[in-house]
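The values are calculated or read from the model by the stated rules, or taken from the named source; none is laboratory data. This structure is a prediction, so every number in the text was calculated from the model and none was measured. Quick reminder, even Gly has a Cβ in these numbers, built from the backbone with ideal geometry, and neighbours come from all protein chains shown.
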């Protein structure tokens, strides 16, 4: 009975008199609805209209949520917490999967997506939709952290593209002339993006955050300290990054780079098509690398990406699955990834002549997905991320040294995992 | 009609209002108190288990909570203190009749009319290190050598929060104090002038005591609002860097929405309200004893 207290509270507190279009609109029409960022809506229109043509009597409602990922997560959270059937589909970020799945808000898709169908997707993108061995989300597009560089500046100086952190620092230092042109810009604000930046630098140093199999925490290991010390070095002694980099998100850093005011930029694939746009001052002067590494380690960008899951409260789960199948088909990938330059989640999309013609960068992008680093699939991922964010940010701000920051982060992360682990084992907690 | 009839009628007439208040205020408060006694787990559903006072024990051992409490106290103290001082000064300035008084008053009150989220975004750009106005101005004046990342250092980020809050909320204090000033009869001031009291003693001994009720109202409103500050830090700094600007409300929100930890979020809220109530009681007692001394 106690288990239902929360659900009852949630329903009571949050189910404001929301209307359910599915139930009300004429007897013959069924509505499928999903919420997405306003910027993506135009590219989902053809996908939705095609589905409506193939399924007479069905309307697909593309609801524009907030543009910010966190705010859309809050909107979905409020709706799902209230067991509200408004959204049949959840169009979610990789980091939402564990939380939503653990809360019981997503239907498991294991029986709905065959082994053969799963084979169509990039393995890393598909794995990002799994939680505790079950699939909850089918990938639509992926993201991977990249290192952009100014090909023209490097060529003029006769320097090869760097591979190691040391080479990056040396090249950045040689080519920068701050504050007009900085060596290396990235995302150092206290938010999820800081985690993404740190994770790929961590991978390049051979370290890890939380081991998915053993749940071991690697934040106080020497590799993790070295990775944070590298970031601190970028901003502090002999800086190659502007002091404000500790307040930057993606756009602040991209603008500096696109204005020609930075040699290296860490960002996602979307920055490529913007750098190549007709009015870009750096058009055709940009190259892309995986993130740096130390000599004996592997380089890999942080894996991001978006996919579709079915709400546990949807009244039309079968129809929703049919929509997912359509949206994640090659045609759907063309609609969404062609005009935007987003990285597709399907393997055949990377050999598709239509998509390659729209975005020749795809050939490189597929290779850059190798060794991508996933974020740990723990139910309270947001808490794990906040713990690390705060300590990374404090070290970057110079309030604490890297070693002490990370040993505090490791201690708090272990305490958190212990708590949530005990909870998975708690007897009689299944509903 | 007997007097008890009158009382019954009054009670009857009050009932709808009381019921409404109970529904929208009392029930949610009791619900939060109840939730703060539960532990919430994520396991194939959002599951709540009875935990007694465990969440409060966890709270008192939670370093992050103590930091947010310190941040909130510092933010509340400094921003409300500045707002009270500046608010009174502005009110005194725009109280007398002068040409274009209406326009000046409107101008002074303008910041208060802006939605906090919107003005926070604007302040974010003002404090931006590369494109911001502040760095540009200070650079031109030769006061800083390179760009300063105002929102990137714990001290300056908190300063930025206080500046933005003072900019936005001083007009509120001004408005209340202005109303208070208008309630002071001209004859009283005239009498003080005739008795030969100079401007400062006149303000200190006559105006200020008469303003005390308005000042208390402004202080109470601003104190409670600043203590619950959410939108400004959420938009301007996101609680960073390193959690240096995370307020109690922001932390409660993170627990509710991002960690789905309703029990702990509620414990933070209950503890916060308890502390604020204690503070308010202490302040009222102080004001009360001061008042008696003055009489």
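Per-structure values
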read-out	value
Scan of the stretch A:56-96 for residues that are away from chain B (no Cβ under 14 Å), more than 21 Å from residue A:43 (Cα to Cα) and in contact with a strand residue (DSSP E or B) (Cβ under 8 Å, 6 or more places away or on another chain), ordered by number	A:57, A:85, A:86
Members of the stretch A:71-92 found to be part of a strand (DSSP E or B) and at pLDDT below 95, listed by number	none
In the stretch A:244-265, residue nearest to the other protein chains (Cβ to nearest Cβ) [restricted to those that are outside any helix (DSSP H, G or I) and in contact with a strand residue (DSSP E or B) (Cβ under 6 Å, 6 or more places away or on another chain)]	A:261
Any hit, the stretch A:319-338, residues being touching a residue at least 24 places away in the same chain (Cβ under 8 Å), not in a helix (DSSP H, G or I) and not assigned by TED's automatic domain parsing to the domain that holds residue A:204	yes
Test: residue A:376 is outside any helix (DSSP H, G or I), modelled with pLDDT of 90 or more, more than 9 Å from chain B (Cβ to nearest Cβ) and surrounded by fewer than 21 Cβ atoms within 10 Å (Cβ to Cβ)	yes
Residues being crowded, with 22+ Cβ neighbours inside 10 Å and on the phi > 0 side of the Ramachandran plot - total across the stretch B:30-48	0
Qualifying residue in the stretch B:12-26 (condition: within 11 Å of another protein chain (Cβ to nearest Cβ), at pLDDT 90 or above and either surrounded by fewer than 12 Cβ atoms within 10 Å (Cβ to Cβ) or at negative phi (or both))	no
Candidates B:86, B:59, B:107, filtered to the one that is in a helix (DSSP H, G or I), touching a helix residue (DSSP H, G or I) at 6+ places or on another chain (Cβ under 6 Å) and over 27 Å from residue A:387 (Cα atoms)	B:86
Selection count where residues are under 16 Å from residue B:268 (Cβ atoms) and buried (at least 16 other Cβ atoms within 10 Å of the Cβ), scope the stretch B:49-63	7
Pairs with Cβ under 8 Å, 6+ apart, first in the stretch B:43-68 and more than 12 Å from residue B:263 (Cα to Cα) and at the interface with chain A (Cβ under 7 Å from one of its Cβ atoms), second outside any helix (DSSP H, G or I) and modelled with pLDDT of 90 or more	B:44/A:104; B:45/A:103; B:45/A:104
Lone unmet requirement of (1) more than 10 Å from chain A (Cβ to nearest Cβ); (2) touching a helix residue (DSSP H, G or I) at 6+ places or on another chain (Cβ under 7 Å); (3) closer than 27 Å to residue A:100 by Cα for residue B:249	(2)
Candidate set from the stretch B:118-129 (those that are buried (at least 20 other Cβ atoms within 10 Å of the Cβ) and at the interface with chain A (Cβ under 9 Å from one of its Cβ atoms)); member that is farthest from residue A:182 (Cα to Cα)	B:127
Residue in the stretch A:313-334 that is modelled with pLDDT of 95 or more, touching a helix residue (DSSP H, G or I) at 6+ places or on another chain (Cβ under 8 Å), surrounded by fewer than 20 Cβ atoms within 10 Å (Cβ to Cβ) and within 14 Å of another protein chain (Cβ to nearest Cβ) present	yes
Restricting the stretch B:27-42 to residues that are out of contact with any strand residue (DSSP E or B) (no Cβ under 9 Å at 6 or more places or on another chain) and within 11 Å of another protein chain (Cβ to nearest Cβ), the residue that is nearest to residue A:105 (Cα to Cα)	B:42
Residue in the stretch A:278-289 that is assigned to a helix (DSSP H, G or I), in contact with a helix residue (DSSP H, G or I) (Cβ under 8 Å, 6 or more places away or on another chain) and either farther than 22 Å from residue A:393 by Cα or touching a residue at least 24 places away in the same chain (Cβ under 8 Å) (or both) present	no
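One line per residue, one yes/no per condition, for (1) within 14 Å of chain B (Cβ to nearest Cβ); (2) in contact (Cβ under 8 Å) with a residue 24 or more places away in the chain; (3) not in a loop (DSSP other than H, G, I, E, B):
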site	(1), (2), (3)
A:98	yes, yes, yes
A:143	no, yes, yes
A:159	no, no, no
A:162	no, yes, no
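Conditions (1) within 14 Å of chain A (Cβ to nearest Cβ); (2) surrounded by 15 or more Cβ atoms within 10 Å (Cβ to Cβ); (3) at pLDDT 90 or above, marked per residue:
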position	(1), (2), (3)
B:136	yes, no, yes
B:140	no, no, yes
B:160	yes, yes, yes
B:176	no, yes, yes
B:199	no, no, no
